[in-house]
Amino acid sequence: MKTIIKYELVINEALRSALNYDTPDEQINEFIRFFGKHIGSDRIYIFEDREERHCTDNTYEWCAEGIVPEIDALQNIDMDVINWWYEAFSEGQSVIINDIEDIREEHDISYHILKKQNVKNVVVCPLYYKDEIKGFFGVDNPPKSDYRGLTTFLDMIGTLLISFLKLRNSFIKSNNLTKLSTYSSLSKIYESMHYINVQTHKFNIVKTTAQFTEYFGKDIAKTGEYEVSDDFCGYINRIAEKMCPESQMEGILEFIDIGTIEKRLRGKNSIAHEFIEQKIGWCRSRFLPVDYDENGRLLHVLFCIECIEEEKKRENNLLYLAETDLMTGLCNRGSGERRITAFLKERTAGLLCLLDCDKFKSINDTYGHSVGDKVIIAIAEKLQKSCRDKDVIFRLGGDEFAMFMTGMVEQKAAERFFERLFQNIRQIDLAEMQGKKIEMSLGACFYDGDENVSFDELYRNADSAMYQSKKKQGYSYTIYDGQ
């Protein structure tokens, strides 16, 4: 299962990376480079058959670092030399050689060709077009794995490579209809794809999926067969109004403006914009330049939409882990300081409070560290209960916490808050502590918002007040008075 997931991810990312390039040749080279590098092979190559000459040519090749390229030496290869490969292909099979020594006696010529290239094992798959073999592509010295499983994904790659090759041919022939058909094959990772003439605003729908069918108003079964339509701008604006929340409309309409697309794409392989689709969640729309006219002006672009909901979930989870104290669920010190610093830069007045648990070491020593952890978690819960959503609460480390109470600038309000906070903490009752109460000390410092103050300055003042509180017996607070 891990191998399957790995190959699926590599294929998807290789396709994404390839589509960032402008020409089909660049896309093919990037695709095989990305795939070869990330699966850990020595060489990946494509051979295209020239039936009129009864030979096959090595047309594309990627080599790992330190591997000698062979593409120049592998031109006009007589197809009879590897006839046994074609026999396997014609039976719907790939060629899998686990160890080239196994073929030395039966296929001597093939053995010496591979041996000369320092090939130890190889997997080769046919390239089909309209049910006819048009060549093959191979992976030299792939990692030791389930070669049968690898061929499954190589078959998928074969379909993509044929699509790339068709795309290349369409560029050579300047046949836009062929391009459109090819892009349909390349749109597997997208929810939708449109092929647009930037100069006339005419467009074709290359692909859509069930989630987008009702927006596009088309029969999904006919994807890739739609006739050219006019007015992409009006069409896509109407769809955006259905797809996006009103709060995101300004951003998405600015992005899909075809009138400015040439300027925005200048010098770039693509531009992208992320938005929330009301049914499937986070999506990314992307414009990719396709070609230019004889005057160098942008002629055609692809407009693609892909679902990135899972990607966003992973990003949000990583962000949560990076900013959160995992024991308490509060902000950690780094993210807490950054949020307070942002308030200070905006001159947001408030009260910085520092708190720590009195004689916490004795709790750990007497009841054990597991009970000490429960104390920390219980205090965090009471802090959250005592504060508002807009306040910043974070764990400094150990038994120390900090809070920034936005808008709290009057001493009486602060004192009422302290009493409420301490009353909530007094309610902590851990069975393991047999009725012993948890006591806290607090130091605080006001910020009036009138001048620039750093977090460190505010922290030092609150810490000075904390030092005075520690001299008193439990549940004590001190507000810094400038002395």
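The values are calculated or read from the model by the stated rules, or taken from the named source; none is laboratory data. Note that the coordinates shown come from a computational prediction; the quantities given were computed from them, not determined experimentally. Cβ coordinates were reconstructed from backbone atoms using ideal geometry, including for glycine residues, and neighbour counts include every protein chain displayed. Remember, those area values only see protein heavy atoms, side chains included, never the ligands or the DNA or RNA. Shrake-Rupley method; radii C 1.70, N 1.55, O 1.52, S 1.80 Å.
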Please report the relative contact order for the range 269-319, taking Cα pairs under 8 Å with a sequence separation of at least 6, and give it as a percent rounded to a whole number.
31 percent
What lysines could a cross-link reach from Lys166, if we take a straight Cα to Cα line under 19 Å and drop same-chain neighbours fewer than 8 places away?
Lys130, Lys134, Lys179, Lys188, Lys207
Starting from 0.36 nm per residue, how many nanometres of slack lie between Asn12 and Lys361 once their C-alpha separation is accounted for?
120.4 nm
What is the helix-to-structure angle for 369-386, meaning the angle in degrees between its Cα long axis and the longest Cα principal axis of the chain, kept from 0 to 90 and rounded to the nearest 10?
80 degrees
Starting from the eigenvalues of the Cα gyration tensor, five times each then square-rooted, give me the equivalent ellipsoid semi-axes of the range 1-159, largest first, whole Å.
23, 18, 16
Would you mind checking the tilt of helix 176-185 against the longest principal axis of the Cα atoms of the chain, expressed as 0 to 90 degrees and rounded to 10?
60 degrees
Starting from the 7 Å offset along Cα-to-Cβ, what nm value, one decimal, do you get for the label separation of Lys385 and Glu87?
8.1 nm
First compute the accessible area of the range 342-414 with a 1.4 Å probe, then give the percent of it belonging to carbon and sulfur atoms.
48 percent
Subtract the Cα-Cα distance of Thr260 and Asp22 from 0.36 nm times their separation in residues, and report this length gain in nm to one decimal.
83.8 nm
State, to one decimal in nm, how far the label point of Tyr292 lies from the label point of Glu315, with both points 7 Å from Cα in the Cβ direction.
3.0 nm
Evaluate the range 224-358: find the radius of gyration of its Cα atoms, find its Kirkwood radius, and give the ratio Rg to Rh.
1.16
Using the crude model of +1 on Lys and Arg Cβ and -1 on Asp and Glu Cβ, and no other charge, please compute the dipole size for the range 1-147 relative to its Cα centre, in debye to 20.
620 debye
Give the span of the range 360-483's Cα atoms along each principal axis, as three whole-Å numbers ordered largest to smallest.
48, 28, 23
Dipole size in debye (nearest 20) for the range 332-483 around its Cα centre, Lys and Arg Cβ +1, Asp and Glu Cβ -1?
340 debye
Relative to the first principal axis of the alpha-carbon coordinates of the chain, what is the inclination of helix 2-18, with its axis defined by its Cα atoms, in degrees from 0 to 90 and to the nearest 10?
80 degrees
Of the accessible area of the range 251-337, computed with a 1.4 Å probe and all protein chains kept, carbon and sulfur make up a percent value of 50 percent
Run the reach check for Lys202 against aspartates and glutamates, Cα to Cα strictly under 13 Å, same-chain hits fewer than 8 apart removed. What comes back?
Glu227, Asp230, Asp231
Just want to confirm a number: the relative contact order over the range 6-106, from Cα pairs under 8 angstrom separated by 6+ residues, in percent.
16 percent
Could you tell me which of the pairs Lys37/Lys115; Lys359/Lys471; Lys374/Lys470; Lys242/Lys313 are separated by over 19 angstrom between their Cα atoms in the structure shown?
Lys37/Lys115; Lys374/Lys470; Lys242/Lys313
With a probe of 1.4 Å, find how much accessible area the chain has per residue, and write the answer as a whole number in Å².
51 Å²
Cα→Cβ-extended label distance, 7 Å offset, between Asp448 and His38, nm:
5.8 nm
Using only the Cα atoms of the range 71-171, what are the Rg and Dmax in Å?
14.0, 44
In Å, what Rg and Dmax follow from the Cα atoms of the chain?
32.6, 98
Magnitude of the Cβ-charge dipole (Lys and Arg +1, Asp and Glu -1) of the chain about the Cα centre, nearest 20 debye, reported as 1860 debye
Figure the gain on full extension for Glu246 and Ile96 (residue separation times 0.36 nm, minus the Cα-Cα span) and round it to one decimal in nm.
48.5 nm
Output the relative contact order of the chain, whole-number percent, from Cα pairs under 8 angstrom with separation of 6+ residues.
9 percent
How long are the semi-axes of the ellipsoid equivalent to the range 396-443, from square roots of 5 times the Cα gyration tensor eigenvalues, in whole Å, largest first?
25, 14, 7
